[in-house]
Amino acid sequence: MAATPLLLHEEEDAMWDRLEERSSPRSFDATIDDIVAEHSNPIEYISRQGVTKVQEFRVDEELVLSRIEDDSIVTMGANTPFLDYSQAWKKELETKPYSSMDGRRRVGYSRRRRGATLKTPGLQVLAYVLAIKYPCERDGLLHRVVTLWMENGCSFKTFALPAVQGVIDYKWTRFARRLLLVEMFLYLLWLVSFYSFTIAFQDEDVSMSLRELLQTTAGKIAVCSNIGAMVGMIPFLIIERESLISYGVRRWLSAWNLLDTTTYCIQIYIIVCHTCRWQLQSGGISMAAAVLAILLLFRLQYFSRVFPNTRFSFVDDLKAVLSDVRYYILFLIIIITGYAVSFHVLFRDPEDQKAHDEFSSLSKAFVQVVAWSFDGPELAELYKDTKNPIMACILGVSFAFIMGMVLFNLLISLMTNSLDSVTAHENVRSLLNRAIVIDELERTIPMWVYRRLDCNPTYLHVLRVDPDKLDTATRDALWPMRIGEELSSAGAQSPSIIHEETLREIQNELQELRRLVMERLPASS
């Protein structure tokens with residue numbers, strides 16, 4: 001079995017592995033504005049010169065892994081690019097992560113060990129520094145890259161560049177993650193309030209006035225639920241407004257934002273209709289509530305796509321897959337329409353239409369053929385009560401073969417291949433989604449709140465575990481060695497986190513134990 005590293009961030013690691021340590025002194029005074037002004041291709045310059053590797057050293061395994069968790073890097077801000085990197089990072093890793101809205105942390109964070117642990121030499125880590133001054137400015141590197149991506153000026157893989165990764169990680173851990181959790185709480189308030197409204201509204205007497213409605217328990221629940229839904233929705237309206245002003249209509253226009261805008265409009269329509277007792281008997285509010293119940297669930301993907309354990313983004317992946325197979329789907333629609341017209345014409349006789357009402361109009365025929373696309377045609381029913389039974393069966397059999405056995409199976413294969421290609425870069429797309437969320441939050445946060453967060457250091461330092469020095473998990477390494485087997489041979493084949501001296505001590509103790517046992521055994525005759 002091939003050796004596999006314990007931490008897997010292949011695409012992100014590939015970008016970092018291209019960096020080379022530069023021993024010659026270099027300037028760290030260039031801001032992102034200077035880079036844009038001096039270089040015709042700033043992205044290319046940032047990819048080559050944006051980050052410098054400064055040192056390699058070892059740190060305690062538990063210390064660094066408890067901070068990295070499912071991520072690939074750790075970041076910290078400093079006033080200078082030149083530090084005692086080993087000591088500075090040790091102090092940073094021993095400090096409790098950010099846990100309060102003002103960005104303050106408690107120092108002297110001590111880790112609790114559960115029982116005795118084996119002595120380890122620590123993990124080999126690599127220290128880097130971004131060669132960009134003030135890289136985390138509100139309108140700095142990240143905002144420029146997000147704006148460029150919205151204009152189709154760069155690939156989504158640009159967000160895997162080491163400099164961009166560093167800024168995303170710093171802002172995400174410093175404030176964005178906590179603010180997004182606040183947004184998620186407001187979303188859950190909105191979701192629970194709306195579903196509470198639908199339950200209370202189900203048996204409501206629509207002829208009652210608002211005053212009469214408030215005299216009933218269900219009416220009070222419905223009105224309070226509308227208020228809760230409005231409270232939960234207003235912050236998202238503000239974010240949408242600020243994003244539209246900041247990016248402009250052309251950059252703002254996307255599948256996500258269109259879905260969000262539709263959701264806001266439907267929710268406002270429901271609240272206005274219910275509160276003003278307007279058009280309640282027309283059924284419009286029922287249709288709006290039915291649609292909103294689905295759209296609110298789609299919005300959950302806005303949050304799940306940026307967290308490590310729920311990176312699957314249904315809307316983004318669906319958009320990419322449909323974009324790949326759109327012409328094939330158009331071809332299927334044309335085929336279905338053709339069969340609908342064919343059956344409608346075949347059953348044009350009044351007696352046939354009476355027996356087969358599903359083909360009495362073109363719209364009914366289209367709906368029936370769409371239903372057949374998933375369940376298959378009712379061939380026995382086609383043969384009955386018609387003047388053209390043979391032709392009807394021929395059309396039904398041909399449709400079952402062409403659609404059910406050929407075209408739909410091809411569609412499934414095409415969509416599977418497309419989804420595989422989309423999810424192949426899920427980690428990088430997660431970086432893209434985090435960058436968009438961070439930039440939207442920065443557009444919305446008032447400046448006085450942003451300054452309080454203190455998230456614009458002069459220089460940004462990055463720590464990364466060396467993937468080439470990580471322990472590898474192989475089938476042989478997972479099983480204990482036989483007593484007497486040379487331990488050094490296994491260590492020569494693959495690196496081990498267990499210290500050689502500790503292993504020698506264990507082997508010596510086993511040999512001593514064996515000697516004592518042999519001495520106490522009765523001598524053989």
- Note on the structure: Each label sits 7 Å from Cα toward the beta-carbon; between LEU253 and TYR327 the label points are separated, in nm, by 2.3
- So what's the Cα pair-distance distribution over the range 339-394, bin width 5 Å, in %? 4, 23, 33, 30, 9, 1
- How much solvent-accessible surface does LEU214 expose, in Å² to the nearest 10, with a 1.4 Å probe and all protein chains in place? 70
- Task: Using only the alpha carbons, work out the radius of gyration and Dmax of the range 301-408 in angstrom.
- Result: 18.9, 62
- Query: Dividing the Cα radius of gyration by the Kirkwood radius, what Rg/Rh value follows for the range 236-306?
  - Reply: 1.05
- Projecting the Cα atoms of ILE294, GLY283, ILE270 onto the charge dipole of the range 225-356, where Lys and Arg contribute +1 and Asp and Glu -1 at Cβ, the residue farthest towards the positive end is ILE270
- Message: What's the ranking of 376-386, 135-145 by average number of surrounding C-beta atoms within 10 Å, highest first?
- Response: 135-145, 376-386
- Item | Per residue solvent-accessible surface (Å²) - the range 236-383, probe of 1.4 Å | 54
- Message: Spelling out what I want: for every residue of the range 415-421, take phi, set θ = phi - 60°, compute 6.51 cos²θ - 1.76 cosθ + 1.60 (Karplus), and round to whole Hz; glycine and proline get x.
- Response: 5, 5, 5, 5, 5, 4, 5
- Note on the structure: For THR31, the residues 5 or more places away or on another chain with a placed amide H closer than 5 Å to its own amide H are LYS133
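The values are calculated or read from the model by the stated rules, or taken from the named source; none is laboratory data. If you're wondering where the values come from, they're calculated on a predicted model, not measured in any experiment. Glycine gets a Cβ as well: all are built from the backbone with ideal geometry, and neighbour counts include every protein chain shown. Quick note on the areas: whole protein, heavy atoms, side chains included, nothing else; ligands and nucleic acids left out. Shrake-Rupley method; radii C 1.70, N 1.55, O 1.52, S 1.80 Å.
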